[in-house]
Amino acid sequence: MSNSTAGAIAPLSIKFNALTLVAATTAAIAASTSASLGWSVWAMFVGWVAFFTRGHSARDALFSYLCLAIGIAFGTVAALAVGALLPLMGPLAFAPVVFVVAMVVVSLRAAAPLNNIPAYFLGLITFFAAHLPPSLLAFGELAAVSALGTLAAWLAHRWQTRILQK
């Protein structure tokens, strides 16, 4: 639910509390699911946040998630590149890798509908914050847990929309 929509409802109203209950319940279920699967709960919430970087339709949610997942993939490749360059360049290895990744990500602003720059950066942040060795398994786990977060946020939003329509 966007702040502007939720702000139009009095904080003590039943509708306001129902909207809050839906978000909290959905978040709790998603967090418990994530933890039960051995996934990082914080990474699930990155997917949740990515949902709110664009519109709230299923299509928008899908494209926001795809940008997030591609950002995770970029992070995986970037970590491999830095690892390959570190023996040659030391800490300066980060400069060319970050430059290339930033050029690619920022250039994608012209690639609608995959032009969600914040979601790409959330994906990069997710990969590096996870401190996992770069691998297809790491990518798969982070992509899956963030998909859970995006799906949970979309479901919560849908349920909240139904409450608002009553």
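The values are calculated or read from the model by the stated rules, or taken from the named source; none is laboratory data. As the structure is a computational prediction, the values presented were derived from the model and not from experiment. Reconstructed Cβ throughout: ideal geometry from the backbone, glycine too, with neighbour counts over all protein chains shown. Heads up: the accessible areas ignore ligands, DNA and RNA and are worked out on the full protein's heavy atoms, side chains in. Shrake-Rupley method; radii C 1.70, N 1.55, O 1.52, S 1.80 Å.
Its Cα centre serving as origin, the chain has a Cβ charge dipole (Lys and Arg +1, Asp and Glu -1) of approximately 540 debye.
Of the residues Ala61, Gly83, Thr161, the one whose Cα sits farthest toward the positive end of the charge dipole of the chain, with +1 on the Cβ of Lys and Arg and -1 on the Cβ of Asp and Glu, is Thr161. Placing pseudo-labels 7 Å out from each Cα toward the beta carbon at Ser32 and Ile14 gives an inter-label distance of 2.6 nm.
Only one item in [x] 1.06; [y] 1.11; [z] 1.24 matches Rg/Rh (Cα atoms, Kirkwood Rh) derived from the coordinates shown, and that item is [x]. Counting only Cα atoms, the stretch 27-99 measures 46, 29, 13 Å along its principal axes, largest extent leading. Axis of helix 117-130 versus longest Cα principal axis of the chain: the two differ by about 70°, to the nearest ten degrees. Rolling a 1.4 angstrom probe over the chain with all protein chains present gives an accessible area of which 75% lies on carbon and sulfur atoms.
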